[in-house]
Each structure stands twice: as structure tokens, then as C-alpha cells.
Amino acid sequence: MAGLENWNWALDGWIVAAGVLCAVASALLGNFLVLRKMSMLGDAISHAVLPGLAAAFLITGARESVPMFLGAALVGVLTALLTEWIRRYGRVDEGGAMGVVFTALFALGLVMIVQAADQVDLDPGCVLYGAIELTPLDTVELGSFHVPRVVVVLSIVLAINLLVVVLFYKELKLTSFDPELAKSLGINAQSMHYLLMTLVAVTAVASFETVGNILVVAMFVVPVAAAYMCTDRLATMIVASSLFAAASAVLGHIGAIVVPRWIGYRSTTTAGMMAVAAGFLFGLAVLLAPRYGLLVKLLRRRLFALRILAEDVLALLYRAEERTPDEPALARSQLRQQLDRGLLARRAAYAWLRRQGDIRRQRDGYALTEQGRRRAQSLVRAHRLWEQYLETAAGLGERHLHENAEQLEHFTNEELRRRLADETASPRTDPHGAPIPPESQR
Amino acid sequence: MSTPMAAAAQHASGDRDSAAPGALPLSIYDLTVAYHSKPVLWDVSLDVPPGKLVGIVGPNGAGKSTLFKAVMELVPRASGRVLVFGKPYRQNRRRVGYVPQRESVDWDFPVSALDVVTMGLYGKIGWCLPVTRKYRQAAMKALERVGIADLAHRQISHLSGGQQQRTFLARALVQDADLYLMDEPFAAVDAATERVIVDILQELKSAGKTLMVIHHDLQTVVDYFDYVVLLNMRVVAAGTTAETFTSENLQKTYGGKLTLLDQATEAMRRSEGSR
């Protein structure tokens, strides 16, 4: 692809590694943020740690990792605490409380950084948007290798997050799902909450230099939301979200190089494209997820409608046989009049029934096969039993019998038919006088 | 059914030498609970005798759920003392099983019915340790008892309301407690589930457990419970169903609001607000 011919593993490789580490570390925690409906608290914390960061810069006068993390973790927990207090005493809901806390702290942090910028090598833009492209430039020596400092820091953070999620999996799951049961069992939901918030703050700080503190929330939430579309199991969701996160990072960097060239620009920021890629993957998940995806839902609905229509065709053919045993087939024009559906749907239903061997072509129409007759018999039996039941047991007026039975017949299995027959004293005819066929013999 | 029961009882007596002999399952002295300085429970005193199926009845906002939460220290107590089998709740929490209201959790949470039941065992399993086969089998047995073992691996939003309630009941069963606190287990369940719950309540009672059940349907109180607590911010009456569940007591609980108490509360709130 255009642009990738300049790919350099020593540079691009490290950038992708930093992106993957950052995205996966965030997504691991994001699972619990999303499930606790606290995505926005993650956002709030990642913004609010700014003054902690700035204070660490101002005090130490350099970009030292340890004071930075301490300051950030402190402010992170402070954000969670302040939010809780304001919610309790400030007459606003949690969203409002967060809005108060994080905007105030974020603004304070910005002011401090702008002040500090004269003395300290600190670029506000870099804090906001990250500088993942600079990853390979700042290295530390590990044995005989030169490894980017950011990669080392993010690896440590990822390891901590992974350790906590694996070790406290049970506790995180229970306190997220049912904090009251947790408390009643002696598992302190409050301490799990603050542990999670501390890790969110630490991860947000570690991600500053890669994706910046505005886009880090995308890494907390979007891959997780995509994974939530795809599965019903927490463990699977955590693994899937990590994979989506890693994929966002890889696609993001490639996309940053390749995509702008399609429209005639030079390459763009990787951090931005990582968030875009995550959004793109989420879009795919919404469309294609195996159970809750739009496409599957649409397909399921279509298949269902087709089944109903096919069964209606069978029942119509059965009734035609009843009326005129010598002329059992119905012409397509007759079927069209009685089926209130379009040409394509009818064709699909005919094709499906023929493939299944339920109907066969006869002159300009269709007739039942032996197998189709058995299925049709069950349907008509269900229909007429329902009419009988609805009249005798439910006391429904004659005018409404047919339309109700017409729907119910599609959801009536042999067991239910037997019970209907029992309840209505096994009648031989329905309320309109039509014979109720017996259960078909196989 | 008798075998697991007996085993459970044996387990209980072996494991729980902490039980002070003769201590009541639950003793509450002068309990007051307030939300935002508005009292919800006011000077509640209550002794629950062992081995009884106790119905807790009262109008909305009477503090029934709060009573449970105060017992389990989920809400702060303004004053008063609660003893569970003669000890503070913290020292005896293993002996209490809790069934919260069904609406209290998010049923879209990505867990299966079996996962939810297993959660009842987390206290026993201990911090950081994994859920092993032994525990999953115990959870499966509890699901069998409530009759939905075939749905064990279904995500919980795909269960009907009655099946969700049974899942919660199974979760309390694996807790293998001696005192059960159940918050409206009969709310909006189908007839089949209602029968299953009644049967299990009876089974637990005959195994010597004490059950406290918040209940809304006054029609069935006499059939289901042999002991009732009529609650409306304070205990209006408590005792055997035959003696206590009278129209006069019901009138006191539901009708004629606690006018004087309400007035005092209102005045208190106003003065709080004006400060």
C-alpha cells in the first residue's frame, strides 16, 4: 500500500508496540468501567489527573515517572471522592458532580501547565493529544537493548492492570454486578471501586505520552463497547476487548500513514487514527456481531417472515385440496390473490418449499407433496383447534377467530396441539364447521 | 432432598461453634435509620424466633428493605443495636443469606445464571482464589433445586422474570445460611415459580432455618407465613400470624398514617433545611 514502503520496524514497530500496550491496558480496566456504567468517570479522571501531573512537574522540575504517577493517582482518587461528595451533598446527580469536578481540575491543570511551560520542558499540546510518534526517540537501556521509555512504562502498567484483573476477577465481577451482595458477604465494594479508580488514573498518566489525555477515554470505552456487542460472557468480553484494542492500535498506525494519502495529504497523527480505528471496529461489531448485530437481527427477521409465508402457502394448498380433491393444485395467480406479499417474497417462499420437498410444480401453480401435506395438516389442525379453543375457552367473537388462529398456528407444536385438543374435548369440526384433521402419522 | 439438607445442617453445626447457644437468629434493639436526616426506621425493636417463616408486611416506604440493609450494615445506623445469632453481623455474616429485589441489579450484565449463583459462594471461596469445580457443582445443585438447571449457562437477560427470581433464590441457597433475608421474592413471578419458592421456603423451615420475607400480597400472608411483622417506620405488631395478622393491626399499619410522627419528621426536616 502507498506509504507503507517506508515502514521501519525500529521506528514504526515501537510506535505500534506503544499503541498496543496503551490500548490493551486501558481496555482491561474499561470493561469494569462500562459494566459499572462509569465510562464517564474514566473520562473525568483522565482529565482531572492533569493538575497532579503538573504539580509533580513543578515540584521536581523534570519529567520523573514516579512523582508523576503518585500525583496523578492521588488526584484520580480525589476525583472519585469529590464526585461522590458532590453527588451526596450538592443536590446534583452523578453526571453533574463529575462535570463540576473534572472541568475544574482540568482547567486548574491547564493553568499550571501553561505557567510551568516557561520553566519545564512541557508542551500542553503533547499532553492533550499525545506524541506517540516520538516514542522511539526517548530510550532507556535494558541490558544490551535500547527500549523506548514509554514502552517500558506502559508494559509495567499493563502488567499491573492484568495482574489486578486476573487476581481480583471474582471480586471485580461481583462488586460490579451486585455491590450490596458483595458488601453483605464481606467483600468491600468501596475499596474495589477506589482500586479501580487508582488504576484508571495511573493508566491515564501512562497513556498521556502516547494517545494524550483526551483520546485515552476512547481506549477505555470503545473497544469494550465493541466487545460487549459480541459476547454474553465477562471473560470472553475482556479477551475480546483486548483484541479489539490491539487491533485499533495496529490499524490506527497503518491508517495514519495510508489513509491521508488517498485524499492527497501527508500522514496524520497515529493517536487520532487509533481512536478512529476503534470507532470503526465498533461500527463493524454493531453491524456484524453474531447475536446482537444488526445484520444478524435483520436476517433472523427475514428468515422468520419467510417461514411464516411458506407455512401460509402450505395451509392454502391444503385447504384447496379439501375443497376440490380432483384439482389439488393452486395456480400462482390464485396464490398471489390470497397471499398479501410481494413477488420476491412469494418466489423465495416457493423456492424454499420446493427445495425442502414440501411442494411441487403443477402446470401454472403448485401442489403439495406427501411430506408437505403432513406439515400442512399439522398447521391446519392447529389453526382449527385454536379457533375452537378461542371460542369455547376464551369466548372470542367469531369475527376475530380466524385472524388470531392465523397467527397462533405458526407457534403451535405437537405438544401444544395435544393440550388444545384435550381442553376442547377433541372436537371434529371447528366453529365454522370445517373438519379438524387428525394428527398426521409419520 | 433430605440428604443434602441433613448434610447442610451437620456442616452448619460443625462449622459454627461461634453460635452462642440459645441466641435468637435476629435481635434488634432501638434501631433508627435515616436517609438525609429523614428517618426511615424509628426505634425498631424486634426479636425473631428461630425456625420460623416470617412475613414482613407494610406499605411502600415503610422501611422494609431498609430494615434488611440495616441488619447487614449496608446502610449506616443512626442508633441501635443488631445481633445476629447473638453476635454483631460482621462476625456472623456467613450465617445470613440475602435475596435482594430483582430490580436491584442490571440483568444485561454478561454473566450466566450459574455465574450469578456461584457469587453466593464468593465469601466462602475467599479473596483472589478461583472458583473451582467443587463450587460450580454446588451452584449447579442449587439451580437444580429451583428447577432451572437446564438454563444454567444462559445469559441472565434471556431468563424470564420468574427464572431470574429463582436464580436469586438459588444464590441464597448455596450460601447455606441459617437466617435468610428475602426482599420480595414473590414480586411479579409466574404461578409455577411461586409454588417452587413456597416449597423451598417450607423445606428450609423444616431444616430449622429462619426466613424473613418481605411480602406485598396480603391475600397469601396467612397461607405462607406462621409469623408476621407489621412494619411502618416502626414495628406496629409482631407475633404469630393467627394473633397478629388482624384487621385492626392492618388498619394501624396501612391506614391512619403515623400522623404525629410525620409531623415531627416534617418539622425536623424544615429546621434542618433552614439552618
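The values are calculated or read from the model by the stated rules, or taken from the named source; none is laboratory data. Being a predicted model, the structure only gives us computed values, none of them experimental. We place every Cβ from the backbone using ideal geometry, glycine too, and count neighbours over all the protein chains shown. Please note that ligands, DNA and RNA were not included when accessible areas were found on the heavy atoms of the full protein model with its side chains. Shrake-Rupley method; radii C 1.70, N 1.55, O 1.52, S 1.80 Å.
Give the carbon-plus-sulfur fraction of the accessible surface of segment A:199-321 in %, rounded to a whole number; probe 1.4 Å, heavy atoms of protein chains only. Walk me through the numbers on the way to the answer.
On the way: 3730 of 5040 Å².
Carbon and sulfur together cover 74 percent of it.
Report the relative contact order of chain A, percent, no decimals, based on alpha-carbon pairs under 8 angstrom and at least 6 residues apart. Could you put the intermediate results ahead of the total?
On the way: 657 pairs, mean separation 72.7, N = 442.
Worked out over chain A, it gives 16 percent.
Hey, can you find the accessible area per residue of segment A:297-423 for me, probe 1.4 Å, expressed in square angstrom?
Working: 7560 Å² over 127 residues.
In whole numbers, segment A:297-423 has 60 Å² accessible per residue.
Read phi for every residue in segment A:261-267 and hand back ³J(HN,Hα) as whole Hz from Karplus 6.51 cos²θ - 1.76 cosθ + 1.60, θ = phi - 60°, with x for Gly and Pro.
5, 4, 10, x, 10, 7, 4
Under 5 Å between amide H atoms, partner at least 5 residues away or on a different chain: which partners does B:Gly97 have, H built in plane at 1.01 Å?
Long-range HN contacts for B:Gly97: B:Asp178, B:Leu179, B:Tyr180, B:Leu181.
Compute the acute angle (0 to 90°) between the alpha-carbon long axis of helix A:370-392 and the principal axis of greatest extent of the alpha-carbon atoms of chain A; round to the nearest 10°.
90 degrees
Using modelled amide H (1.01 Å from N, peptide plane; none on Pro or chain starts), what sits under 5 Å from the amide H of B:Arg234, excluding residues fewer than 5 places away?
For B:Arg234, whose amide H was placed from the backbone, the distant partners under 5 Å are B:Trp42.
At q = 0.06, 0.08 Å⁻¹, what log₁₀ I(q)/I(0) does the protein assembly as shown have when each alpha carbon counts as one equal point scatterer in the Debye sum?
For the protein assembly as shown, the Cα-only Debye profile gives -0.55, -0.89.
Can you pull the mean other chain C-beta count within 10 Å for peptide B:117-126? Intermediate values should be presented prior to the final figure.
On the way: counts 0, 3, 9, 3, 2, 10, 7, 1, 2, 2.
Partner Cβ neighbours, averaged per residue: 4.
Given the whole protein assembly as supplied and a 1.4 Å probe, what does the accessible area of A:Thr392 come to in Å², nearest 10?
For A:Thr392, the solvent-accessible surface is approximately 80 Å².
Please report the antiparallel percentage of the DSSP beta bridges confined to chain B, to the nearest 5. Write down the numbers at each step before the final one.
Numbers: 20 of 37 bridges.
Taking every DSSP beta bridge within chain B, about 55 percent pair in antiparallel fashion.
Just to confirm the number: angle between the C-alpha axis of helix A:212-230 and the first principal axis of chain A, 0 to 90 degrees, nearest 10?
Result, in degrees: 20.
Using Cα atoms only, what is the angle between the long axis of helix A:270-288 and the major principal axis of chain A, expressed in degrees (0 to 90) to the nearest 10?
Approximately 10 degrees, to the nearest ten.
Is the shape of segment A:9-216 best called rounded, prolate or oblate, per the rule: a/c under 1.5 gives rounded, else a/b larger than b/c gives prolate, else oblate, with a ≥ b ≥ c the square roots of the Cα gyration tensor eigenvalues?
Oblate shape, in that a/c is at least 1.5 and b/c is the bigger or equal ratio.
Could you work out [θ]222 nm for chain B from helices alone, using -39500 (n - 2.57) per DSSP H run of at least four and dividing by all its residues? Round to the nearest 500 deg cm²/dmol.
-11500 deg cm²/dmol
Give me, ordered by chain and number, the residues 5 or more places off B:Tyr227 or on other chains with an amide H under 5 Å from its own placed amide H.
Under 5 Å from the amide H of B:Tyr227: B:Leu53, B:Gly55, B:Thr241.
Farthest toward the dipole's positive end in segment A:9-216, which of A:Thr139, A:Leu78, A:Gly13, given Cβ charges of +1 (Lys, Arg) and -1 (Asp, Glu) about the Cα centre?
The Cα lying farthest towards the positive end belongs to A:Leu78.
Accessible area per residue, 1.4 Å probe, Å², for segment B:80-125: what's the number?
Details: 1530 Å² over 46 residues.
I get 33 Å² per residue for segment B:80-125.
Only Lys, Arg, Asp and Glu count, each charged at its Cβ (+1, +1, -1, -1), so figure out the dipole size of segment A:297-423 about its Cα centre, rounded to 20 debye.
Details: 26 positive and 20 negative charges, 199 e Å.
So the dipole magnitude of segment A:297-423 works out to roughly 960 debye.
Heavy-atom accessible surface, probe 1.4 Å, ligands and DNA/RNA ignored: which residues of segment A:185-217 lose at least 20 Å² versus the isolated chain?
With the partner chains in place, segment A:185-217 has these residues losing at least 20 Å²: A:Leu185, A:Gly186, A:Ile187.
Summed for both chains, how many Å² of accessible area, to the nearest 100, are buried between A and B with a 1.4 Å probe?
Details: alone 22930 and 13570 Å², together 33680 Å².
Adding both sides of the contact gives about 2800 Å².
Considering only protein heavy atoms and a 1.4 Å probe, what is the carbon-and-sulfur percentage of the accessible area of chain B?
Result for chain B: 51 percent of the exposed heavy-atom area is carbon or sulfur.
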